[in-house]
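The block underneath contains the structure these notes are about, expressed in C-alpha cells.
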C-alpha cells in the first residue's frame, strides 16, 4: 500500500537571496477529510442523478483517481529556472 506524502519543501531563489519553506502535508489530510465529509452528500446526489447516463460510475472513479494521484506524489521533484530566479519543489 502506498503511503501519502508527509512534507513538501519549497525553495525560491531570487537575485537578492532565497527562501526555503517546509509545508507539513500530513496536517492537510484531516482538513481534506472534513471537506470530503461535508461534500459527500452532494457527490452522492450527483452520482445518483448521473447514474442512468453512465456518468455516475465515472464520478466515483474520478474520486478514487484523485486519491491515487495524491498518494503517488511521494518523491516528486520539480525545478523551474528562469533567468536568475529558481523555484524548486520537492514532495517527501
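Odds and ends about this structure:
- Computed [θ] at 222 nm, helices only, for the chain once each DSSP H run of length n ≥ 4 contributes -39500 (n - 2.57): -15000 deg cm²/dmol
- Degrees, to the nearest 10: 28-50 long Cα axis against longest axis of the chain: 40 degrees
- Taking 0.36 nm per residue of separation and subtracting the current Cα-Cα distance, fully stretching the chain between residue 33 and residue 57 would add 6.5 nm.
- For Cα extents along the principal axes in Å, computed directly from the structure shown, the correct entry in [x] 59, 59, 21; [y] 58, 27, 25; [z] 56, 24, 10 is [y].
- Distance between the 7 Å Cα→Cβ label points at residue 9 and residue 79: 1.3 nm.
- Folded to 0 to 90 degrees: helix 55-71 orientation relative to the chain principal axis, Cα: 30 degrees
Just so you know, all these numbers are worked out from the coordinates, no wet-lab data involved. The structure displayed is predicted, hence computed values, not measured ones. Cβ atoms come from the backbone with ideal geometry, glycine included; neighbour counts cover every protein chain shown.
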